[in-house]
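Written below as C-alpha cells is the structure these notes are about.
The values are calculated or read from the model by the stated rules, or taken from the named source; none is laboratory data. All values reported here derive from a predicted model rather than from experimental measurement. Note: ideal-geometry Cβ built from the backbone for every residue, glycine included; neighbour counts use all protein chains shown. Calculation scope for accessible area: heavy atoms of the full protein, side chains included, ligands and nucleic acids excluded. Shrake-Rupley method; radii C 1.70, N 1.55, O 1.52, S 1.80 Å.
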Amino acid sequence: MMNTQARSETVAPARALGRLAPNIPGDKSISHRAVIFAAMAEGESHVTNVAPGEDVASSMRCVAALGATVVRDGLNVRIRGGAWRDPSEALDCGNSGTTMRFLIGALAGRGIAATLTGDESLSRRPMLRVAEPMRELGAVVDTASGGTAPVHVRGGHPLHGGHIVMKVASAQLASSLMLAATGANGRVTISGAGTARDHTAKMLPHFGVAVQRNGDDIVVDGPQTFRAADFRVPGDPSAAAFWLAAAAIVPGARLVVENVNLNPTRLGFVDALERMGAGVTITVTAEEPEPMGHIEVSARPLHAIAIEEPEVPAILDELPLLGIVAAYAAGTTTVRGARELRVKESDRIAVLVKGLRALGGSIDEVDDGFDVTGPSTSLGTGSVPLRGATVESGGDHRLAMAFAIAALGASAPVTIEDSGCVAISHPSFFADLEALCRG
Ligand code: S3P
C-alpha cells in the first residue's frame, strides 16, 4: 500500500526563484479534522481543498471502514457520516499519528471496538499519552507493551466527565480528548494544551459542537451531536514554510505564497524568519473560521536566533527546516525544549544532525534540541555554507523536504535518499520545487 520509502531525488543549487510560489496543499492538520468531524456528523459534508497526501488519505480510509461514505473528487471530498460500526478489520493509520490519536478518542467516546495499527514509524510512536487519560474518563484502551500501537479500543464502556491534566502539551492529545468528550456523559475539562495549535476548538463549533475555552482550559459538555457542514481547507503553513525558507536563503530571492492558513499557533516559523532578518510581509484576506492570507519573504542577510520552550508549539513541525536555515545565518542558532522532535515520524533531531553534518554544516545535538552555527559572515558575501552530498530522510517527509531546501543554497547538488516519503504531506513537492527554480 504505502510506498513512502522509495526513490531518491537530486536537487541542484538554485540561481534564482520565481516570484509566485507554487500552490501549496491544503492544511494537513485541518484536513484530518474536517474529514473526521464530517464522518461523525449525520448528513453530508463537503470538504474542499483537502490535503492531497497519504496521511489524510489514511483518515479517509479509516472513517470509511467505520461506516462513513467518502467520495473523493480530486481535492474535494463529500462525506456522509453518522453512527459508526465496529470495523471488521484493524484500522490502518499508515504513517499518521494524527489519524491514530484522534480516532482513539472518537472511538472511545462512541463505544466502538477497534484495533488501530500503523506503519513501522507510527508503531514506534508513544500512544500511552492518549490511552492513559482516556482510561481516566472510563475508556478501556490497551497498547502494546511499549505503550505503542497496535492500540485496542474496547467497545461498550460509556465515558464519564472528568478533569484531565495533560502531561504533554499536544494538540493531538487535546483533540482526542475533545472528541471523546463529545460522547461522554458529563463535562470534560482539559488542561495543559498551552499554545499548541487550536484548530479543533475553532472547528468543532462549525460542526455543531460547543467548546468553551476558559483561559488555558478547554471544556466540552458531553454528550453532543455533530452537524454536517461544508468546509474549505486553507493552505498549509507547514508546506508554505519550505518555499519561504527557500526565499530566505537564495540570494536575491523574493516570493509570495498565497492562501496560507495564518492561525497564530502555526506561524512560529514565519516569526523566526523575520527575527533572523528575512523580509516578511503578511496580508490577511479572511478571518473565519481560520485566518488566511498571503506571506511574502525576501532574502536578506540572516543572523542566528534562540528558540526556547514556550515558542516550540508554534514552530514544532518546522524546527528541522529552521536548522537548515540556521546553517545560512551568521552565528549560532539554538533550539531548546523540543524533545518532542525525537518522537515524530522519525527522531528529527538525530536525522537533522546526521544530514546537516553530511552537507558540511556545523550542528551540535542536545537531548531537547540542537545548535547550528552558520557562516561567520552572512549571505551575500560570497561564502557558501553547505556542500553537495547524499543525505538520508529517515523516511520522514519533513526532513526530506528540508534537505531539498538546503540544496538550493549549497555549492553542489544534494541527493536525498528515501525521498518518496514527501507523499505523506506534499506529493508534488519535487515537481513544484523544480518549477519554482525554473522561475
Ligand atoms: C498535529 C499536532 C502536532 C504536530 C503534528 C500535527 C495536529 O503533534 O506535530 O504534525 O494536527 O494536531 P503533537 O500534538 O503530538 O504535538
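For Ala113, only one of the following conditions fails: (1) over 25 Å from Glu54 (Cα atoms); (2) away from the ligand (no atom under 16 Å from the Cβ); (3) not polar (S, T, N, Q). What is its number?
(1)
Ile218 versus (1) surrounded by 20 or more Cβ atoms within 10 Å (Cβ to Cβ); (2) in contact with a Pro (Cβ under 7 Å, 6 or more places away or on another chain): which is the lone unmet condition?
Among (1) surrounded by 20 or more Cβ atoms within 10 Å (Cβ to Cβ); (2) in contact with a Pro (Cβ under 7 Å, 6 or more places away or on another chain), the lone unmet condition for Ile218 is (2).
List the number of the failed condition for Gly43; all other conditions in (1) at positive phi; (2) within 16 Å of the ligand (Cβ to nearest atom) hold.
Among (1) at positive phi; (2) within 16 Å of the ligand (Cβ to nearest atom), Gly43 violates only (2).
Which residue out of Ala34, Ala57, Ala14, Ala64 is over 24 Å from Thr225 (Cβ atoms), part of a helix (DSSP H, G or I) and either among the hydrophobic types (A, V, I, L, M, F, W, C) or touching a residue at least 24 places away in the same chain (Cβ under 8 Å) (or both)?
Answer to the check: Ala57.
I'd like the full set of residues that are closer than 19 Å to Gly409 by Cβ and open to solvent by 80 Å² or more (accessible area, probe 1.4 Å), limited to the stretch 285-300.
Arg300
I'm told Leu116 meets every condition in (1) part of a helix (DSSP H, G or I); (2) under 24 Å from Glu136 (Cα atoms); (3) touching a Cys at 6+ places or on another chain (Cβ under 7 Å) except one. Can you identify the failing condition by its number?
It fails just one condition, (1).
Quickly run through the stretch 200-213 and pick out the residues that are away from the ligand (no atom under 15 Å from the Cβ) and assigned to a helix (DSSP H, G or I).
Once the filter is applied, which keeps residues that are away from the ligand (no atom under 15 Å from the Cβ) and assigned to a helix (DSSP H, G or I), the stretch 200-213 yields Pro205, His206, Phe207.
Under 25 Å from Asp119 (Cα atoms) and either among the charged types (D, E, K, R) or outside the structural domain of Ala253 (by TED's automatic domain parsing) (or both), is that true of Asp432?
Considered against the rule, which asks whether it is under 25 Å from Asp119 (Cα atoms) and either among the charged types (D, E, K, R) or outside the structural domain of Ala253 (by TED's automatic domain parsing) (or both), Asp432 comes out as no.
Tally the residues that are more than 15 Å from the ligand (Cβ to nearest atom) and in a strand (DSSP E or B), restricting the search to the stretch 174-199.
Of the residues in the stretch 174-199, 6 are more than 15 Å from the ligand (Cβ to nearest atom) and in a strand (DSSP E or B).
When Pro126 is evaluated against the numbered criteria (1) open to solvent by less than 40 Å² (accessible area, probe 1.4 Å); (2) touching a helix residue (DSSP H, G or I) at 6+ places or on another chain (Cβ under 9 Å); (3) not in a loop (DSSP other than H, G, I, E, B), which criterion, by number, is the only one it fails?
(3)
Any chance the stretch 146-165 includes a residue that's open to solvent by 30 Å² or more (accessible area, probe 1.4 Å), more than 20 Å from the chain's Cα centre (by Cα) and free of Cβ contacts under 8 Å to residues at least 24 places away in the same chain?
yes
Might you check whether a residue that is surrounded by fewer than 19 Cβ atoms within 10 Å (Cβ to Cβ), modelled with pLDDT of 95 or more and not charged (D, E, K, R) occurs anywhere in the stretch 192-205?
yes
Being more than 21 Å from the chain's Cα centre (by Cα) and either open to solvent by 10 Å² or more (accessible area, probe 1.4 Å) or within 16 Å of the ligand (Cβ to nearest atom) (or both) is the requirement here; does Ile249 meet it?
So Ile249 does not fit the description; no.
Here is a yes/no grid of residues against (1) at pLDDT below 95; (2) under 19 Å from Gly395 (Cβ atoms); (3) open to solvent by 10 Å² or more (accessible area, probe 1.4 Å); (4) not small (Gly, Ala, Ser):
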| position | (1), (2), (3), (4) |
| --- | --- |
| Asn76 | no, no, yes, yes |
| Trp84 | no, no, yes, yes |
| Ser96 | no, yes, no, no |
| Gly109 | no, no, yes, no |
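Within the stretch 99-139, can you find the residues that are aliphatic (A, V, I, L, M) and more than 18 Å from Leu66 (Cβ to Cβ)?
Passing the criteria: Leu122, Met127, Leu128, Ala131, Leu137.
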